[in-house]
Amino acid sequence: MDIFTDASVNDHEKIAGVSAVFVPSMTQDAIVRFSTHLSVDNNETAELFAIAIALSHVNCQPTGSIRIVSDSYGAMKKIQRIFQYPNQTQIQTIDNILQKRILFNMAASFAQMQNVTVNFCEIHAHQRKAQPGTDGYYNQIADQEAAIGREKAETMRLKENKYKTGSGSLTTPEEEAILTQPECEIVSPKKITFTYEGGGKKKKKVASHTQKKDEYVRHSKRMGGRQR
């Protein structure tokens with residue numbers, strides 16, 4: 001399964017559309033598109049949110065492999081920082097409260113994906129002439145879906161301002177799940193890799209970590225469960 005995620009931010013209104021495009025490995029034409037929105041003030045947080053939502057849609061997959069493709073170098077590096085060598089202290093260095101909740105949400109998904117191999121792949125953005133079926137092609141679709149989510153949020157914001165309904169109507173179930181996500185144990189899948197092709201890098205760089213047999217043992221007492 002390949003999953004392409006993206007975000008489209010309206011800085012003035014502090015809202016963003018996010019998307020995930022699911023491409024089954026054996027049937028490349030049978031893609032599933034998903035988009036939603038959230039209140040946010042920076043692009044990296046929106047990109048992290050898109051990846052977290054994608055993982056929440058596939059966290060019931062017990063085995064196999066998943067490739068998450070994003071054009072956000074910053075989001076990818078932050079995920080690598082927290083999950084390549086997971087522990088409970090590194091995430092506490094994240095100052096952005098919403099980003100911290102998003103990362104805990106990812107950890108909750110990874111806790112259900114212990115036998116899955118996950119490859120995070122960062123690619124160049126806006127490959128306008130990408131050939132159908134390529135990573136750049138599906139990244140374009142993810143970009144379009146994120147724009148749809150942003151435009152929907154912008155329309156809702158206009159109605160809020162016109163009818164003075166308040167910002168609560170903008171909150172989606174996906175955003176609510178993140179906002180109510182409790183702290184939990186930081187774990188990774190069986191194998192997690194990070195491949196960088198964009199981000200201003202001329203050469204492809206790959207970083208990986210495979211869980212050892214006695215590594216990341218789950219404690220009997222959980223710090224928190226998944227909120228839906």
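Let me check I've understood the local charge: for Ser72, count other residues with C-beta under 12 angstrom from its C-beta, Lys and Arg +1, Asp and Glu -1. What total comes out? Residues near Ser72 contribute -4 overall. Cβ crowding within 10 Å, taken as a proxy for footprinting-reagent exposure, orders Leu103, Leu38, Leu170 from fewest neighbours to most as Leu170, Leu103, Leu38. Ranked by how many other Cβ atoms sit within 10 Å of their own Cβ, fewest first, the residues Phe34, Phe104 fall in the order Phe34, Phe104. Mind checking which aspartates and glutamates have their C-alpha under 16 Å from Lys162, skipping anything on the same chain fewer than 8 residues away? Correct list for Lys162: Glu13, Glu154. For Ala30 and Gln114, the difference between the fully extended length at 0.36 nm per residue and the C-alpha to C-alpha distance is 27.6 nm.
Each residue in Tyr196, Tyr85, Tyr163 was given a count of other beta-carbon atoms within 10 angstrom of its own, and listing them fewest first yields Tyr163, Tyr85, Tyr196.
Legend: calculated FRET efficiency, Gln88 to Gln131, from the Cβ-Cβ distance at R0 = 41 Å, rounded to 0.05, equals 0.40. Annotation: aspartates and glutamates with alpha-carbon distance below 19 angstrom to Lys129 (same-chain offsets under eight excluded): Asp6, Asp29, Asp71, Asp143, Glu145, Glu197. Taking label positions 7 Å along the Cα-Cβ direction at both Asn43 and Arg81, the computed distance is 1.8 nm, reported to one decimal. Straight-distance candidates among the aspartates and glutamates for linking to Lys190, with alpha-carbon spacing under 17 Å and chain neighbours fewer than 8 residues away dropped: Asp214, Glu215. Distance between the pseudo-spin-label points of Lys159 and Cys60 (7 Å out from Cα toward the beta carbon): 3.0 nm.
FYI, it's all coordinate maths here, none of it is from the lab. Being a predicted model, the structure only gives us computed values, none of them experimental. So basically every Cβ, Gly included, is an ideal-geometry build from the backbone, and we count neighbours across all protein chains shown.
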